[in-house]
């Protein structure tokens, strides 16, 4: 591992590993014990419709000072914090990539104060390989946008996606279609739960998301504007550092140095294993991955492993990870590989009737800023009100830390 790659891996770990956050977590849990969440016992629902609420479980209650401490521990400005927050894990009905009924979980966060009737934010999270790090399951960085937006006075629905949190089955990583259905159904479940908790939500939806979730936010916005649910109206879009252009930007960046080795190996392994279940790139992992990685890659990506363990168990570079033949197939995609990329690459080809901000960083070597530039050109070319907010010399997680409070202020201006 090169010094540059090791430094990047350590930077990722400072955000993603839980061991380094023990002190902050202990403080927050102490606050939760001192101020227990009002009981909101499970509400079983026997209906089978999409978005039907199965259960509501309280998971956090923090006053405004504790929210500020939580944000400061993740280097996120807390100027917009006005209220404490109450958070709940929702279990709800949705469908899998084949359209079959399943369940998923997500985090509903409400302000502990403010207006009785709340606007609703959809926040879609970035790449997670371990299911227990999803927003509804872990008091960690994935909750930053939820706590920021809720403490500013809005309800926040943050889906775990399929196969993460307490949802069954594997996570269909970067499958746009099922990510949108899970996110839309989370909005429906949140609407029901918020009403039962005495904080009904209005129909306006402010959509944001980071990394993988930035792409999902764009696709969800497209679905909402196309009338996917009569109760919800898209109000504003503010995705952060999303991979909007796999074919033209993100995949080529694996080979030209714009994506660092650590992230490149993690992302392409996750994508190939997950997308193979949907698009069938190979019959045996050995057709795509070199030995000894072929025998372990699917096990490492079963949802139970730390990101750091996945990276340590795989090759140091994409070229050393993949077989020569599959490496060339990925460089010049056709057939199922090209189809899988294109299935994710239509999230910016529509005209939003709401303001759009695309946040990104110049030094992002996970999701290069070219993704945002491509999305901006596509949207502007069809007359959308869109602007890239270039955060300058910040990396991937730095773009998240800088952008998250700005997104709250943007939503305030639009509202």
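The values are calculated or read from the model by the stated rules, or taken from the named source; none is laboratory data. All values reported here derive from a predicted model rather than from experimental measurement. Neighbour counts are summed over all protein chains in view; Cβ atoms, including those assigned to glycine, are modelled from backbone coordinates with ideal geometry.
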**Complete:** Only one of 256, 229 is surrounded by fewer than 22 Cβ atoms within 10 Å (Cβ to Cβ), free of Cβ contacts under 8 Å to residues at least 24 places away in the same chain and farther than 18 Å from residue 174 by Cα, namely 256
**Message:** I'd like to verify a number: residues in segment 203-214 that are buried (at least 22 other Cβ atoms within 10 Å of the Cβ) and touching a strand residue (DSSP E or B) at 6+ places or on another chain (Cβ under 7 Å), how many?
**Reply:** 8
**Fill in**
Selection over segment 306-317 where residues are under 12 Å from residue 270 (Cα atoms) and within 18 Å of the chain's Cα centre (by Cα) yields a count of 1
**Item:** Qualifying residue in segment 32-48 (condition: modelled with pLDDT of 50 or more and out of contact with any strand residue (DSSP E or B) (no Cβ under 7 Å at 6 or more places or on another chain))
**Value:** yes
**Asked** Does residue 311 qualify as being over 23 Å from residue 223 (Cα atoms) and either crowded, with 19+ Cβ neighbours inside 10 Å or touching a residue at least 24 places away in the same chain (Cβ under 8 Å) (or both)?
**Response** yes
**Message:** I'm checking my understanding of the structure. Among residues of segment 393-414 that are closer than 22 Å to residue 204 by Cα and under 16 Å from the mean Cα position of the chain (by Cα), which one is surrounded by the fewest Cβ atoms within 10 Å (Cβ to Cβ)?
**Reply:** 404
**Complete:** Filtering segment 94-115 down to residues that are outside any strand (DSSP E or B), touching a strand residue (DSSP E or B) at 6+ places or on another chain (Cβ under 8 Å) and closer than 13 Å to residue 154 by Cβ yields 113
**Item:** Residue list for segment 367-407, filter: outside any helix (DSSP H, G or I), out of contact with any helix residue (DSSP H, G or I) (no Cβ under 9 Å at 6 or more places or on another chain) and more than 25 Å from residue 128 (Cα to Cα)
**Value:** 382, 383
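Please find, among 188, 117, 196, the residue that is under 20 Å from residue 221 (Cα atoms) and over 15 Å from the mean Cα position of the chain (by Cα).
Working: 117 fails: under 20 Å from residue 221 (Cα atoms); 196 fails: under 20 Å from residue 221 (Cα atoms).
The conditions single out 188.
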**Fill in**
Within segment 74-85, residues part of a strand (DSSP E or B) and over 18 Å from residue 122 (Cβ atoms) come out as 84
**Request:** Select from segment 116-161 the residues that are in contact with a strand residue (DSSP E or B) (Cβ under 6 Å, 6 or more places away or on another chain), in a loop (DSSP other than H, G, I, E, B) and within 21 Å of residue 102 (Cβ to Cβ) and list them in ascending order.
**Result:** 135, 136, 160
**Residue in segment 337-354 that is at positive phi, in the same structural domain as residue 252 (by TED's automatic domain parsing) and in a helix (DSSP H, G or I) present** = no
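Mind listing whichever residues of segment 323-336 are in a loop (DSSP other than H, G, I, E, B) and exposed (fewer than 14 other Cβ atoms within 10 Å of the Cβ)?
Selection gives 332, 334.
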